[in-house]
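Q: Next up is a structure, given as structure tokens.
The values are calculated or read from the model by the stated rules, or taken from the named source; none is laboratory data. Predicted, not measured: the structure shown is a model, and the values here were computed from it. Every residue, glycine as well, gets a Cβ built from its backbone with ideal geometry; the counts of neighbours run over all protein chains shown. Protein only, heavy atoms only, side chains kept; ligands, DNA and RNA dropped before computing areas. Shrake-Rupley method; radii C 1.70, N 1.55, O 1.52, S 1.80 Å.
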Amino acid sequence: MKVAVIGTGYVGLTTAVSLAMHGHEILGIDLVAAKIAQLRQGKSPIYEPGLEEALAQMLEQGNLQFSTEIKDAREAEMMFICVGTPEASDGSADLSYLLAAVSDIASMQQPSTGKRVIVIKSTVPVGTGDRIAEQLRGNDGLYVASNPEFLREGSAMQDALKPSRIVIGADHEAAFAAMEQLYNGVNAAKVTTTRANAEFIKYASNAFLATKISFMNELARLSTVLGTDITTVAQGMGLDSRIGPEFLRAGVGYGGSCFPKDTIALLQLAGQHGISLSILDKVRDVNTTQPAWFLERLEEQLHGVAGKKIAVLGLVFKPDTDDIREAPSLKVLEALQKKGASIAAYDPVASAIVGAQFPNVDYVKHPAAAFRGAHAAMLITEWKECVQLDWKEIKASMAAPILFDGRNAWPGNLLKDVGFVYTGVGRS
Ligand SMILES: NC(=O)c1ccc[n+]([C@@H]2O[C@H](COP(=O)([O-])OP(=O)(O)OC[C@H]3O[C@@H](n4cnc5c(N)ncnc54)[C@H](O)[C@@H]3O)[C@@H](O)[C@H]2O)c1
């Protein structure tokens, strides 16, 4: 099928490349000319395992092209909208990019097939697709479908090629048929429903995942005073098939471009309808205070951090991405600097971008270098190279052997044997 993908960020680029791999003819469109120029040369503007290789391969095969001009997509039967829906000042989802893209499409002529489906992949508040369909009523042959995205940064290509499920919301047989044809080769459970249900599935999923994380983070605070080990508790819980093992890892809180903004957008939407989502409200509270709660433990142990050197390992919001949106590391760096600590930080991909916000941090090129002369080290992102280290050498290089593991990913028992004073999140 001839498909245009509007917005070539994390979701759009992955969608474009994976649909091309399924044999469709794809045109990726973005407003940012530099991004399009880079993409045309087979270079990915984002870091995502496997993406750049697949991009180059699809360009070579000739079924993936890029443009800054939406008019180049005049023959597209489907137009995926994958633009950002960031948090507006009142917490709601800012739909301005989405509405601009819709109006661009609405002003185009229909393709020669006489049918076109606008597919909303961006995460949008429940009711958005219906409102857009209402506005477009009268444009013959133009349909609106909701097809929320569930990929995870860090494994985006894998998730796009083998999705956990495909959710399709529409109100017309022609839209369902086109989506069915598009995803024909993809082996995944499909949910076909209304646009509003599809939109709600996305928000409900993210809100629930955020809830699991905050639930475990709050229990980790209790675990700390009880002298229990939250990682063992999580392991025991996860073996119950009703609970499952995923998303039970306590840490310094969730970040990224989805959970923070999607939880507040859902709260905002509920508020507009006079409904209070009190659990979700608390989920956000726990997440907002989690980095500070962990830093308090560090301050207690060091009797303050002023004048001390702290090593910060990992800056992106999770491993295998270069995304720093809402990353907990940003709160950690800010708090440490405010309290007068000097910081050495390591991240394999995000030093330059974080450096623009925090120029007074010493960004080192190897994880071991961050530990040198440090009075304590904190793990914020569990990159493999930040976890697999020569601990004896690290200990010898530090001013004090104090480790704060914000992801419960360092080998606590081994570290104690080596002579470190180890503190995890909610671990005895
Ligand atoms: N990032 C994720 O992990 C993820 C996962 C699932 C869903 N989502 C949702 O998908 C949407 C996109 O997220 P993202 O992280 O890919 O965003 P992003 O910021 O990485 O990419 C958005 C892209 O859209 C482009 N753009 C904006 N307006 C445009 C227009 N009118 N025409 C052409 N291009 C335009 C921007 O230049 C940018 O390249 C959001 O709604 C997000 O909530 C994201």
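Q: In terms of modelled amide H atoms, which long-range or inter-chain residues lie less than 5 Å from the amide H of Val117?
A: Met78, Met79, Tyr143
Q: I'd like the FRET efficiency for Ser96 and Gln357, computed as 1/(1 + (r/R0)^6) with the beta carbon distance as r and R0 of 25 Å, rounded to 0.05.
A: The formula returns an efficiency of 0.55 here.
Q: Say R0 is 45 Å: what FRET efficiency, to the nearest 0.05, do Val191 and Gln301 get from their beta-carbon distance?
A: 0.40
Q: Now for a different question. Would you calculate the separation in nanometres between label points at Ser112 and Ala88, each defined as 7 Å from the Cα along the Cα-to-beta-carbon direction?
A: Rounded to a tenth, the inter-label distance reads 4.1 nm.
Q: Which value results when the Cα radius of gyration for the chain is divided by 2.2 N^0.38 Å?
A: Rg over 2.2 N^0.38 Å, computed on Cα atoms: 1.06.
Q: Sequence-distant or interchain residues sharing an amide H contact under 5 Å with Ile343, placed H: which?
A: Close amide H contacts, sequence-distant or interchain: Ile310, Asp362.
Q: Test of understanding: what is the full-extension gain from Leu222 to Lys162, defined as 0.36 nm times their sequence separation minus their Cα-Cα distance?
A: 17.8 nm
Q: Then there is this: Between Gln38 and His172, what length comes free when the chain is fully extended (0.36 nm per residue of separation minus the Cα-Cα distance, one decimal in nm)?
A: 44.5 nm
Q: Where in the range 213-236 does the amide nitrogen come within less than 15 Å of the point 7 Å from the Cα of Asn413, taken along Cα to Cβ?
A: Inside the label zone: 229-233, 235-236.
Q: Name the residues whose placed amide hydrogens come within less than 5 Å of the amide hydrogen of Ser146, ignoring near sequence neighbours (fewer than 5 apart) on the same chain.
A: For Ser146, the qualifying residues are Ile120, Gly169, Ala170.
Q: When the chain is fully extended, how far beyond the present Cα-Cα distance does Gln388 get from Thr232, taking 0.36 nm per residue of separation?
A: 54.1 nm
Q: What does the charge add up to near Thr192, with Lys and Arg as +1, Asp and Glu as -1, over the other residues with Cβ less than 12 Å from its Cβ?
A: Net of charged neighbours comes to 0.
Q: Carbon and sulfur: what percent of the range 2-193's accessible surface (1.4 Å probe)?
A: 47
Q: With all distinct Cα pairs included, what does the Kirkwood hydrodynamic radius of the range 141-296 come out to in Å, to one decimal, could you say?
A: The answer is 17.7 Å.
Q: Compute the projected area of the convex hull of the Cα atoms of the range 322-378, averaged over all viewing directions, and report it in nm² to one decimal place.
A: So the Cα hull casts an average projection of 3.8 nm².
Q: Give me D for the range 229-423 in µm² s⁻¹, whole number, from Stokes-Einstein with Rh from the Kirkwood sum over alpha-carbon pairs, 37 °C and 0.692 mPa s.
A: Diffusion coefficient, whole number: 186 µm²/s.
Q: How high is the FRET efficiency from Ser67 to Asp281, r the C-beta distance, R0 41 Å, rounded to 0.05?
A: So, using R0 = 41 Å, E works out to roughly 0.40.
Q: Right, something else. Roughly how many percent of the accessible protein surface of the range 256-316 is carbon and sulfur, given a 1.4 Å probe and a whole-percent answer?
A: The value for the range 256-316 is 58 percent carbon and sulfur by accessible area.
Q: In the range 2-193, if every C-alpha pair distance is counted and binned at 5 Å from zero, what percent goes to each bin?
A: Answer for the range 2-193: a P(r) of 1, 8, 17, 22, 22, 17, 10, 3, 0, 0 percent.
Q: Let me ask you something else. In the Gaussian network model of the chain, springs joining C-alpha atoms below 10 Å, which of Arg242, Arg372, Arg284 carries the largest mean-square fluctuation?
A: Arg242
Q: As I understand it, the dipole of the chain uses +1 on the Cβ of Lys and Arg and -1 on the Cβ of Asp and Glu, about the Cα centre. Which of Trp293, Phe317, Tyr254 lies farthest toward its positive end?
A: Trp293
Q: Follow-up question, since we're still on this one. Quick one: angle between helix 259-272 and the longest Cα principal axis of the chain, in degrees between 0 and 90, rounded to 10, please.
A: 60
Q: Pick from Glu173, Glu48, Glu25: which is most flexible by mean-square fluctuation in a GNM of the chain where alpha carbon atoms under 10 Å apart are linked?
A: Glu173
Q: Picking from Ala396, Ala210, Ala73, which is most flexible by a Gaussian network model of the chain using Cα springs under 10 Å?
A: Top of the fluctuation ranking is Ala396.
Q: Next up: Given the rule -39500 (n - 2.57) for each run of at least 4 DSSP H residues, summed and divided by the residues of the chain, what is its mean residue ellipticity at 222 nm, to the nearest 500 deg cm²/dmol?
A: -13500 deg cm²/dmol
Q: Out of all DSSP beta bridges with both ends in the chain, state the antiparallel percent to the nearest 5.
A: Counting DSSP beta bridges with both partners in the chain, the antiparallel share is about 5 percent.
Q: Another question about this same structure. Heavy-atom accessible area per residue, the chain, 1.4 Å probe: how many Å²?
A: Computed with neighbouring chains in place, this is 45 Å² per residue.
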